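A.B. asks: The structure under discussion is supplied below as C-alpha cells; questions concerning it will follow.
Laboratory data are not the source of any read-out in this text; all were calculated from the coordinates shown. Keep in mind that what you see is a predicted model, and the values were worked out from it rather than measured. Glycine gets a Cβ as well: all are built from the backbone with ideal geometry, and neighbour counts include every protein chain shown.
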C-alpha cells in the first residue's frame with residue numbers, strides 16, 4: 001500500500017497546524033510500515049525532491065501566495081504525473097490548489113479528504129472555491145475530521161456525516177525536551193508569580209487581546225507569557241503598554257523549537273483564548289497536556305472537545321476576559337483541582353493525542369477503504 005499526502009507546505013517551511021499534522025502523519029505512517037510520500041509546494045520558485053527518513057518529499061515551484069493559496073501550477077502537473085503510483089490520495093483541506101489538482105486529474109485511487117477547519121473569514125475565497133470543495137467532498141471516499149464535534153457544527157460537513165471518520169491530531173513529543181537550568185531561569189524571572197503560557201500566531205482569531213485584558217484582572221501574583229509572531233504583534237504590544245501591564249504580560253516573540261518544552265515545563269497553566277472557528281483543534285493544547293499542564297480554553301467546537309471541561313481544565317465563552325481570569329484563578333488557587341486536572345491532562349494525551357495513535361488510525365482507515 002502506497003499513500004500520497006497532498007497539501008500546501010511541509011516542514012521545514014514555517015509550520016502551521018496543517019503542516020504539523022502532515023509531518024506527524026508522514027513520520028508515523030512510515031514507521032507503521034506503510035509507505036507515505038508527500039507532495040506540496042515550495043516556499044520559493046524552486047523545485048526539489050528528496051528522500052527523508054525513507055520517504056519522498058516533492059516540493060514544486062511556487063511564485064507567491066494569493067488569498068493564502070500557493071501559486072504553484074507545477075503542483076497540478078506533478079500530481080497528474082504521479083498520482084497513479086499510489087493507492088491512497090490523502091488531501092488536506094483547506095488548500096484550493098491541491099484540491100483543484102484532484103478535480104483536474106480525476107484519479108481512480110481512493111481519496112481521503114482531511115478536513116482541518118471550515119473557511120471562516122475569507123468569504124471571497126470560499127465563493128470562488130465552493131464548486132471545487134463540493135465536488136471533492138462528494139468524490140472523497142472518506143472525510144477525516146479531527147474532533148467529533150466539528151462534524152455537527154459545520155454546515156459543510158454535516159451533509160457528509162455518513163463518510164466522516166474522526167481521527168484526533170497526534171504529535172510526537174521527543175523534541176519537546178526541557179532544560180532544568182532554563183526552566184529555573186524562567187521561574188526566577190517570574191519569582192513569586194504563577195505563570196500562564198500561551199503560544200501561537202498573533203492573528204485575529206487567537207483572541208490574545210482578551211487574555212491581556214484578563215491579565216489586568218488577575219493581579220500582581222500572575223505573569224502571562226504570549227509567545228509567537230504575527231501581524232498583531234505591534235497592536236498587542238501597544239495594548240500591554242497602554243494598560244500598564246508591562247511587568248505582568250510578556251510577548252517574547254518566536255520561541256525556537258528546542259526551547260518550547262522548557263516553556264511548557266516552566267508554566268503553571270496553559271491558556272488558548274481563541275474566538276473564531278478557524279481554531280478547530282489547538283495543537284498547542286495537547287502539547288501542554290503532554291506536560292500535565294491544566295488548560296483554560298474557549299467553548300469552540302473542536303477546542304472544547306480537546307480540552308475536556310471539568311476534566312483537563314475549564315472552557316469559557318469566547319471573548320470574555322472576566323471568565324478567562326476567573327477560570328485561571330479557580331484552577332491555580334485550588335490545589336486539589338489543579339492536581340486532578342494535571343493527572344487527567346497527561347492521561348488524555350496518552351489515550352488520544354500521540355503520533356502513534358493518529359498514524360495507526362489513518363492506516364486502519366486506508367486498509368478499510370482498500371478492503372484489506
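A.B. asks: Relative to the longest principal axis of the C-alpha atoms of the chain, give the angle of the C-alpha long axis of helix 355-370, reported between 0 and 90° and rounded to the nearest 10°.
C.D. replies: 30 degrees
A.B. asks: Evaluate the relative contact order of the range 180-352 (contact order divided by residue number), counting alpha-carbon pairs under 8 angstrom at least 6 apart; express in whole percent.
C.D. replies: Values: 320 pairs, mean separation 39.1, N = 173.
About 23 percent, as a whole number.
A.B. asks: Calculate how steeply helix 180-189 sits against the longest principal axis of the alpha-carbon atoms of the chain, using the helix alpha-carbon long axis, and give the answer as 0 to 90 degrees to the nearest 10.
C.D. replies: So the inclination is approximately 50 degrees.
A.B. asks: Please quote Rg/Rh for the chain to two decimal places, taking the Kirkwood radius as Rh and restricting both calculations to Cα atoms.
C.D. replies: Numbers: Rg = 21.0 Å, Rh = 21.4 Å.
The Rg/Rh ratio comes out at 0.98.
A.B. asks: Just from its helices, what would the mean residue ellipticity at 222 nm be for the chain, if runs of 4 or more DSSP H residues each count -39500 (n - 2.57) and the sum is divided by every residue, rounded to the nearest 500 deg cm²/dmol? Could you put the intermediate results ahead of the total?
C.D. replies: Numbers: 14 runs with 159 residues, N = 372.
Result for the chain, helices only: -13000 deg cm²/dmol.
A.B. asks: Angle, helix 73-82 long axis vs. longest principal axis of the chain, Cα atoms, 0 to 90°, nearest 10?
C.D. replies: That works out to roughly 60 degrees.
A.B. asks: Would you order 106, 329 from fewest to most other beta-carbon atoms within 10 Å of each residue's own beta-carbon? If you can, show how the numbers build up before the last one.
C.D. replies: On the way: 106 10, 329 18.
Fewest-to-most ranking of 106, 329: 106, 329.
A.B. asks: Could you line up 306, 132 from fewest to most neighbouring Cβ atoms inside 10 Å? Provide the component values of the computation, followed by the final result.
C.D. replies: Numbers: 306 28, 132 17.
Arranged by neighbour count, lowest to highest, 306, 132 become 132, 306.
A.B. asks: How do 104, 245 rank when sorted from fewest to most other Cβ atoms within 10 Å of their own Cβ? Numbers along the way, then the final one.
C.D. replies: Values: 104 11, 245 17.
Ascending Cβ contact count within 10 Å gives the list 104, 245.
A.B. asks: For the chain, calculate the relative contact order in percent as a whole number, restricting contacts to Cα pairs under 8 Å that are 6 or more residues apart. Show your work: numbers first, answer last.
C.D. replies: Working: 735 pairs, mean separation 54.6, N = 372.
Taking the mean separation of contacting Cα pairs over the length of the chain, I get 15 percent.
A.B. asks: Highest GNM mean-square fluctuation, the chain, Cα pairs closer than 10 Å: which of 292, 302, 219?
C.D. replies: Its mean-square fluctuation being the largest, the pick is 219.
A.B. asks: Under a GNM of the chain (C-alpha, springs under 10 Å), which listed residue has the highest mean-square fluctuation: 330, 113, 260?
C.D. replies: So, out of 330, 113, 260, the one fluctuating most is 330.
A.B. asks: Return the whole-Å distance between the Cα centroid of the range 209-223 and the Cα centroid of the range 308-372.
C.D. replies: The range 209-223 and the range 308-372 have Cα centres spaced 24 Å from each other.
A.B. asks: To continue, here is another question. Which of 272, 236, 300 moves the most in a Gaussian network model of the chain with Cα springs under 10 Å?
C.D. replies: Of 272, 236, 300, the most mobile in the Gaussian network model is 236.
A.B. asks: In addition: Students often check this: by mean Cβ neighbours within 10 Å, which of 141-154, 44-57 ranks highest, and how do the rest follow? List each step's numbers first, then the result.
C.D. replies: On the way: 141-154: 19.8, 44-57: 12.5.
Going by the mean number of other Cβ atoms within 10 Å, highest first, we get 141-154, 44-57.
A.B. asks: Over the range 19-60, calculate the relative contact order: mean separation of alpha carbon pairs under 8 Å at least 6 apart, over the residue count, as a percent. If you can, show how the numbers build up before the last one.
C.D. replies: Working: 50 pairs, mean separation 14.7, N = 42.
For the range 19-60, the relative contact order is 35 percent.
A.B. asks: Over the range 180-352, what per residue volume does the convex hull of the Cα atoms give, in whole Å³?
C.D. replies: Values: hull volume 17.8 nm³, N = 173.
Once divided by residue count, the hull of the range 180-352 is 103 Å³.
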